[in-house]
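Just so it is clear, none of the values below were taken in a lab; they were calculated from the coordinates. Since this is a predicted model, take the numbers as computed values, not measurements. Backbone-built Cβ (ideal geometry, glycine too); neighbour counts: all protein chains shown.
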Amino acid sequence: MAPYRSVDENVGRHAQIVHWYVPWGASWGTFDYQRPLLDNMHEYASVGEDGSVPLITWEPWAPPFQRDGTDMPLTAIAGGEFDPYIDSWAAGLRDLGYAVLLDFAHEMNGDWYPWGSGVNGNTPDLYVAAYRHVHDRFAQAGAANVRFVWNPNNTSTSTSAAAFYPGSSYVSWLAIDAYNSNSSWGSPYDEIAPIYRQVSALDPYKPMMLAEVASQASPPPRAVPANKAAWISELGRDLPQSFPRIRAVVWFNELGTELVIDAPSDVQAAATQAFGSCPRRDDAAALSDT
């Protein structure tokens, strides 16, 4: 828990969402393995507060689920080949008795994952079929406490993210991933606004989140904002003004990279101001009220 608690202490705010990744085929990808971690995250305490909603990015790849040299074909998921694994998670999460946010096969509009656009013959229709099938298995298991997250990336591709939308009856939260890199430095508005417009237009009532957001630290000369701290400060200003439907922000705090919020630093000060000034939900449970 130290990496999570470190961020909270650095920005002076308790994380109401705690996020991690679970690959389907990994030895740690079973529900039984993950159960203690889920409970720890649910009871997570920092800076004098406790209680968080687990957010799992559920990634369909890795052995032993490989077949024919590809990772987890969407057609196989939609066709029911992996139902025993899906059902084990549906029953396990159901029996937890508390809310869990489940982000299945995120960033599907990019081409860097086996389930991504154009990879392994994937199409938007195949993705939608797989997403709906997974959702339906959870519904059949009675896992009403699981909130499905739909989560494209801010990448620009020839296929609109909207083409991958499974429909509002299958989604509880609309999410966006947005990163600012040294090689293509842009303001928070530039990175978020195009995908925000696409995603927010899909349903006017669904809550939205930044499920992954971060900035690298070394912009090119004469970049605007001038550095990572300035980028975070601008993000804090933009959220309520330009992106009012975003109700949750998850910073991608990968240790050992430029993305981390560290202390003491101007980055820490900027993050404290930006995230400390964001309107907050009354408690973690409220994040699961949709």
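A few comments on the model shown:
- Inter-label distance, nm, simple model (7 Å from Cα along the C-beta direction), Thr157/Asp266: 3.6 nm
- Take every Cα pair under 8 Å whose residues are at least 6 apart in sequence, average their separation, divide by the length of the chain, and the relative contact order is 17 percent.
- DSSP bridge pairs, the chain: antiparallel proportion in percent, nearest 5: 10 percent
- Contour minus Cα-Cα distance for Leu37 and Ser183 (0.36 nm per residue): 49.0 nm
- In terms of packing, defined here as the mean over residues of other Cβ atoms within 10 angstrom, the peptides 120-131, 42-53, 101-112 line up highest first as 101-112, 120-131, 42-53.
- The range 35-109 versus the range 123-159: alpha-carbon centroid distance in Å: 12 Å
- Cα long-axis angle, helix 83-96 against the chain (0 to 90 degrees, to the nearest 10): 60 degrees
- Bins of 10 Å from zero: percent of alpha-carbon pairs in the range 1-158: 10, 37, 33, 16, 3, 0
- Rounded to the nearest 500, the helix-only mean residue ellipticity at 222 nm of the chain stands at -10500 deg cm²/dmol, with each DSSP H run of n ≥ 4 adding -39,500 (n - 2.57).
- Within a Gaussian network of the chain (alpha carbon springs, distance under 10 Å), most fluctuating of Trp115, Trp150, Trp20: Trp20
- Helix 2-11 axis, angle to the chain major axis (alpha carbon atoms, nearest 10°): 40 degrees
- Rounded to 10°, Cα long-axis angle of helix 188-200 versus longest principal axis of the chain: 40 degrees
- What the pair-distance distribution of the range 2-288 shows, using all Cα-Cα distances binned every 10 Å from zero, is 6, 28, 36, 24, 6, 0 percent.
- Nearest-20 debye value, the range 2-288 charge dipole, Cβ charges on Lys, Arg, Asp, Glu: 620 debye
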